[in-house]
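Structure record follows, encoded as C-alpha cells.
The values are calculated or read from the model by the stated rules, or taken from the named source; none is laboratory data. Here the structure is a predicted model, which is why all the values come from computation and not from measurement. Don't worry about glycine lacking a Cβ; one is built from the backbone with ideal geometry, like all the others, and counts go over all protein chains shown.
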Amino acid sequence: MNSNEEALYSIFEKAKRYDDLAFLSKNKLINCSFCGKDESNLKKLIAGPDVFICNECIEICVEILEEDANKGKS
Ligand SMILES: [Zn+2]
C-alpha cells in the first residue's frame, strides 16, 4: 500500500464513524455528493461530515491515486 492509498483509507476510517449515524435516518434518501446517485441505486454510500461518497466514486478515486502513483514511478 502506497502513501496515497494510506491517506485515502484513513479518511474512509474516519468516515465510517459517521456512516452508522447517517443510516439511522432511513426516511430520507441520501445522494452521493460526487455523482448524485441516490442510495437505492448504489451498493454502498459512505457518509462524512456533510458529504457522502458512493462505492463507485471511491473506485474512481482509487484509480486516480493509482495513476498518480504509477506516474511517479516511471
Ligand atoms: Zn458517487
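Residue check: Ser33 meets all listed conditions (1) assigned to a helix (DSSP H, G or I); (2) at pLDDT 90 or above but one, namely (1). Out of the residues in segment 24-39 that are free of Cβ contacts under 8 Å to residues at least 12 places away in the same chain and of a type in the set (Lys, Arg), state the one that is nearest to the ligand (Cβ to nearest atom). Once the filter is applied, the top-ranked residue is Lys28.
Contact map, segment 40-68: residues that are polar (S, T, N, Q) paired with residues that are within 12 Å of the ligand (Cβ to nearest atom), Cβ distance under 6 Å, separation 6+ or inter-chain. Pairs shown: Asn55/Lys43; Asn55/Lys44.
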